[in-house]
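One structure is given below, encoded as structure tokens.
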């Protein structure tokens, strides 16, 4: 019996040893591979410094390499030099000069996530999903987000030409825009529409949004609100904490609002639970979304949808559900690095998927505008622009028709109200 125990213990020790050795060996292989690649980088750096036609500054070379390295990861990761990082910090104040559009890189093309309401881009008619293919006389082929922002921004009052490809209409449209000071209001509208149906439009999730929506809800309750439409259309997102705070106002305490998952489970994988002490859980709700709803607005819509707390109506959202962490570096520059992705309470990934509404209702003004079966590749688009010098005709579409999505939401809530009254009368 004693010999058997010794044999078993020895066998366990051998297995543990080989397991530990395998892990150590795997780590060593990864480190060796990294060192080999770093050596190649070092060799290239030395060759450029010694043989390039012009004298180069080491800092310029390193910054260029960092920009390329971060850009190779995904469209949302980027290296920010001190000047760019300072611009990012200025953006968080909610006031800046520009056109009023949220942009991203999608399918290799500079794409409008959404125009901000009442901005120059909004008033001119730029839409979510428009592909910006030309800024003044410069094609946007292979442009980075950082460079695009620098080209689009400028002094208030300055004019800029922007050419977009609207795939749904299969045409190029040129816009002449005048830059303005962009002031973001998170709660754009809060009122009673009719028959006690409240309406709140959130244009972006900022630090003040949870407080502002609480005030709006209190005011509407005093006016006799018996149901609510939460309009998140063309809302490009904003702060994660603000999205969680807005969601939990309508969810029972302890419900999962959203999850983040990354490689570092200790720091990047988290569950965000509702903590509101006195949430509004009985008020019938409809949430409006469209292709311009992204990021934080998708978190709110998905949380209320998954917990059966609200009916989501409209068209599929944008699908921007990744988390970027800004990591400052010692010289004043910074990395904006994608560290995790958002998942809904039901475990569905938002990034690249979007939120599908419970009831699909196309906007009246785009009912005949369908996405082409085979979207043109980015290189083909730029080749066509270079070969056709004639300026495309301006879009002279008629004025916007009535908001049919909002009217459908009103009808649904009126129907729920009638049903509840009938049920209570039985």
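The values are calculated or read from the model by the stated rules, or taken from the named source; none is laboratory data. Bear in mind that the values here come from a model prediction, so they are computed numbers and not experimental data. Quick reminder, even Gly has a Cβ in these numbers, built from the backbone with ideal geometry, and neighbours come from all protein chains shown.
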Taking region 91-105 and keeping residues modelled with pLDDT of 70 or more and under 20 Å from residue 122 (Cβ atoms) leaves 98, 99, 100, 101, 102, 103, 104
Residues in region 336-359 that are over 11 Å from residue 298 (Cα atoms), at pLDDT 95 or above and buried (at least 18 other Cβ atoms within 10 Å of the Cβ) total 1
Given the conditions (1) surrounded by fewer than 16 Cβ atoms within 10 Å (Cβ to Cβ); (2) in contact with a helix residue (DSSP H, G or I) (Cβ under 9 Å, 6 or more places away or on another chain); (3) within 27 Å of residue 289 (Cα to Cα), every one holds for residue 150 apart from (3)
Subset of region 229-254, residues in contact (Cβ under 8 Å) with a residue 60 or more places away in the chain and more than 15 Å from the chain's Cα centre (by Cα), comes to 229, 230, 231, 250
Among strands (runs of 3 or more DSSP E) entirely inside region 254-316, those with 2 or more residues being under 21 Å from residue 359 (Cα atoms) are 285-289, 311-314
Practice task
Could you tell me whether residue 183 is out of contact with any helix residue (DSSP H, G or I) (no Cβ under 9 Å at 6 or more places or on another chain) and surrounded by fewer than 18 Cβ atoms within 10 Å (Cβ to Cβ)?
Solution key: yes
Discussion item. Any residue that is touching a helix residue (DSSP H, G or I) at 6+ places or on another chain (Cβ under 7 Å) and either at pLDDT 90 or above or outside any helix (DSSP H, G or I) (or both) - is there at least one of those in region 51-64?
Written reply: yes
Flagged in region 237-251 as assigned to a loop (DSSP other than H, G, I, E, B) and within 15 Å of residue 342 (Cα to Cα), in numbering order, are 237, 239
Within region 191-211, the residues that are crowded, with 18+ Cβ neighbours inside 10 Å and under 26 Å from the mean Cα position of the chain (by Cα) are 199, 200, 201, 202, 203, 204, 205, 206, 209, 210
Suppose the filter is part of a helix (DSSP H, G or I), under 16 Å from residue 325 (Cα atoms) and at pLDDT 90 or above; does residue 88 pass it? no
